[in-house]
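What follows is one structure encoded as structure tokens, with my remarks underneath.
The values are calculated or read from the model by the stated rules, or taken from the named source; none is laboratory data. The structure presented is a predicted model; accordingly, all values stated were derived computationally and were not measured. Cβ atoms come from the backbone with ideal geometry, glycine included; neighbour counts cover every protein chain shown. Note: accessible area is taken over every heavy atom of the protein model, side chains too, but ligands, DNA and RNA are not part of it. Shrake-Rupley method; radii C 1.70, N 1.55, O 1.52, S 1.80 Å.
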Amino acid sequence: MTEDGKEVSDMQVDLETRIIQLCQQNPNGVTDKLMQAEISGTTVKERAHGLNRLLSQDRLEILKQGKQLLYRLKTSDNSQKVKGADNEEKIVYQIIEDAGNKGIWIRDIRFKSNLLLTQVNKVLKSLEGKKLIKAVKSVSASKKKVYMLYNLEPDRSITGGAWYSDQDFESEFVEVLNQQCFKFLQQKLMTAREATNDPISERNASYASSKDIWKFINELGISKVTLSAEDIEAILDTLIYDGKVEKTIVASQVTSGSTGGMTRLYRAVEPLIESTGLMRLPCGVCPVMEECQEGGAISPSNCLYMKQWLDY
């Protein structure tokens, strides 16, 4: 009996090791069908016994994807965070964790977990109470909330980045930044004209990098939020679309202020003649025209450039 018992125990350990290895090879999860195909020579009862042992040891976690179950290796961090939670909470927590900092809508949680809406609401309330997750309003739809882990910073696509405050677009703030960036480039242009009479030297001296402009804006102290060089480049892009600024890209050494060894340079320009009203229609040069729709974050009704064009 002792030898038989030891033999059974060795078989269990070997089976559990094979299950762990299979889960390591498939970090997104292993289905019963895949496990049956990869771990041959075992019965359903033996696999179930091995899985139950690993689940009880908190080495595996069980997820639902549609109507099928997935088994996945559990990290020590996740194990501590959801310790003492029931299976429904563990499933919903894992779904939200997989969504990252872009979050996930309650409808998608319900679909992936295969739980009833009342169950999902109960689990979400419990996880929020434990400060494991949080609900964040999306700028793309004011009534739509997405859920993400409590310690994550929401993605810019959710919050709108520096241009939004409490889901409201800060048009005045953007306009001030627009004016100050253009003022900096205009001063750069005037300084270049005073320093030299050579057109080529004047042109080259009038350029400024996005990092230079970013430093200028930070030194002004007009922003209550931390702006990145990418935020300033977004403002400079609007000046390009307005025909006030032009951009060129030059090769440079790879530094923290450049991307892939390339540096973006900007300079103020003065048009030779005024364009016609139709040519100034903002839709013709709008880089996000395809995303523009009524009711969305970008729409004709709240477009600052469309309003200015119509007022003109």
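Descriptive notes on the structure:
- Gyration tensor verdict on the stretch 126-171 (Cα atoms; rounded if a/c is under 1.5, prolate if a/b is larger than b/c, oblate otherwise): prolate
- Base-10 log of normalised Debye intensity for the stretch 176-217 (one unit scatterer per alpha-carbon) at q = 0.14, 0.16, 0.22 Å⁻¹: -0.32, -0.41, -0.68
- Take the Cα of M11, go 7 Å toward its beta carbon, and the backbone nitrogen atoms of the stretch 28-53 under 12 Å from that spot belong to 41-47.
- Mean separation of Cα contacts under 8 Å, 6 or more apart, over the residue count of the stretch 142-216: relative contact order %: 19
- Note on Q179 and E294: their simple-model spin labels are 3.3 nm apart, each label 7 Å out from Cα toward Cβ.
- In plain terms, the C-alpha convex hull of the stretch 108-238 casts an average shadow of 10.9 nm² when viewed from every direction.
- Annotation for the stretch 129-212: GluC sites (Glu not before Pro) lying in DSSP loop with at most 12 further Cβ atoms inside 10 Å of their Cβ do not exist.
- Contact order relative to length of the stretch 169-267, as percent, for alpha carbon pairs under 8 angstrom and 6 or more apart: 29
- Net +/- balance of residues flanking A48 in space, Cβ distance below 15 Å, scoring K and R +1, D and E -1: +2
- Taking 0.36 nm per residue of separation and subtracting the current Cα-Cα distance, fully stretching the chain between N28 and N87 would add 19.4 nm.
- Förster radius 45 Å - calculated FRET efficiency between F169 and A48 (Cβ-Cβ, nearest 0.05): 0.25
- Within the assembled protein chains, the solvent-accessible surface assigned to V285 is about 80 Å², based on a 1.4 Å probe.
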